[in-house]
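Before any comments, here is the structure.
The values are calculated or read from the model by the stated rules, or taken from the named source; none is laboratory data. The model shown is predicted, which means the values in this text are computed figures rather than measured ones. For neighbour counting, all protein chains shown are included, and Cβ atoms are generated from backbone atoms with ideal geometry for every residue, glycine included.
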Amino acid sequence: MKVAHVPLRTAIGAFVLNSGLSKRNLEGEAAQGMHAMAVGAIPQLRQFPPDRFAKLLSYTELALGAALLTPFIPSTLVGLGLTAFGAGLVQLYLKTPGMREPGGVRPTQQGTGLAKDVWLVGAGLTLVLDDLTHRRLAR
């Protein structure tokens, strides 16, 4: 891992890890609400019961957060994971009714929390592109 990646990976890794920890024991109405919102954007998630979906999401966030914080895991790899995770959240934002102003991509007040997750995509792509271009220049 490049030293320049440490602040980005540490900040995002700690945030994602904490998010995963907070979802570990999510059950009942909270899990159902999260599941319903996710199914609205990605219908294939309907195959998972809400409690199981919440656990899988928690484990995914825990794994991604830990990978970001682990220095020997290549930035390209964690960048791809972060980009995919962020893209899922952006899809949730784009497909959930009431998150965007009519006829555009600007968030409503309710959508701001999800719209901000576009930074995860940007950070993930930055890690991937920086790592790949650095390797190419090093040859």
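Kindly evaluate residue 92 against the criterion of being at pLDDT below 95, surrounded by 14 or more Cβ atoms within 10 Å (Cβ to Cβ) and not aromatic (Phe, Trp, Tyr). So residue 92 fits the description; yes. Restricting attention to the range 61-72, does a residue exist that is surrounded by 13 or more Cβ atoms within 10 Å (Cβ to Cβ) and either more than 15 Å from residue 13 (Cβ to Cβ) or touching a Cys at 6+ places or on another chain (Cβ under 8 Å) (or both)? So far as the range 61-72 goes, no, none of its residues is surrounded by 13 or more Cβ atoms within 10 Å (Cβ to Cβ) and either more than 15 Å from residue 13 (Cβ to Cβ) or touching a Cys at 6+ places or on another chain (Cβ under 8 Å) (or both).
Here is a yes/no grid of residues against (1) farther than 18 Å from residue 11 by Cα; (2) hydrophobic (A, V, I, L, M, F, W, C); (3) within 12 Å of the chain's Cα centre (by Cα):
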{"site": "49", "(1), (2), (3)": "yes, no, no"}
{"site": "83", "(1), (2), (3)": "no, no, yes"}
{"site": "91", "(1), (2), (3)": "yes, no, yes"}
{"site": "116", "(1), (2), (3)": "no, no, yes"}
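Pairing residues of the range 87-116 that are over 17 Å from residue 36 (Cα atoms) with residues that are modelled with pLDDT of 90 or more and hydroxyl-bearing (Ser, Thr, Tyr), at Cβ distances under 8 Å and at least 6 apart in sequence or on separate chains, gives 100/93; 100/108; 101/108; 107/93; 115/93. When we screen 17, 21, 26 for residues that are in contact (Cβ under 8 Å) with a residue 12 or more places away in the chain, closer than 24 Å to residue 123 by Cα and crowded, with 16+ Cβ neighbours inside 10 Å, the only hit is 17. Candidates in the range 107-132 are the residues that are in contact with a helix residue (DSSP H, G or I) (Cβ under 8 Å, 6 or more places away or on another chain) and in a loop (DSSP other than H, G, I, E, B); of these, the one that is farthest from residue 16 (Cα to Cα) is 111.
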